[in-house]
Amino acid sequence: MPREIEIALDDLPLCTRCTGAPLLTARFPHSWQNAEDNEVTGIREVALCPQCDRGTPAADELLALFAVDEHLDLANAETFAALTDVWLEETQQRTVDLQRLDLELEQWQQGDL
């Protein structure tokens, strides 16, 4: 079954991690198993932020494309599509870092976040 992915390049919301300006957002179907082992489906949205997403090969390559080619056109559309596909594959596999979440919860409860 093909997955439907919506890519946006204009009128983007601010990055939820740093409030900076992302370069693109992607929305795609997402599902998980809940505590009762039932599948829960929904939509997940991710942003490619030049500040927050540095450090993974897929994001770095896509960020480099935007740094070199400020605009998308027919000359770089195929490269953009290939790099975006790799970035999305990596992004869709990412899970919550429970240790970081626990640390941030503790910081928030102490008023440090």
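Counting 0.36 nm for each residue step from residue 17 to residue 30 and taking away their Cα separation leaves a gain of 2.7 nm.
With a Förster radius of 22 Å applied to the C-beta separation of residue 37 and residue 98, the computed FRET efficiency comes to 0.70. Could you identify which residue out of 39, 90, 61 has the top mean-square fluctuation in a GNM of the chain using Cα springs shorter than 10 Å? Sorting by GNM fluctuation, first place goes to 39. Relative to the longest principal axis of the Cα atoms of the chain, the long axis of helix 57-68 makes an angle of roughly 40 degrees. One decimal place: the segment residue 82-residue 64 gains 5.1 nm when fully extended, by the rule 0.36 nm per residue minus the C-alpha distance. To the nearest ten degrees, helix 98-109 and the longest principal axis of the Cα atoms of the chain are 70 degrees apart.
Rounded to the nearest 500, the 222 nm mean residue ellipticity of the chain from helices alone is -11500 deg cm²/dmol, with -39,500 (n - 2.57) taken per DSSP H run of at least 4 residues. Given a Förster distance of 25 angstrom, what is the FRET efficiency for residue 56 paired with residue 106, based on the Cβ-Cβ distance and rounded to 0.05? The formula returns an efficiency of 0.40 here.
A compact globular protein would have a Cα radius of gyration near 2.2 N^0.38 Å; the ratio found for the chain is 1.23.
Each value in this text was obtained by applying a stated rule to the coordinates, not by laboratory testing. Please read these numbers as outputs of a predicted model, since none were measured by experiment. Cβ atoms come from the backbone with ideal geometry, glycine included; neighbour counts cover every protein chain shown.
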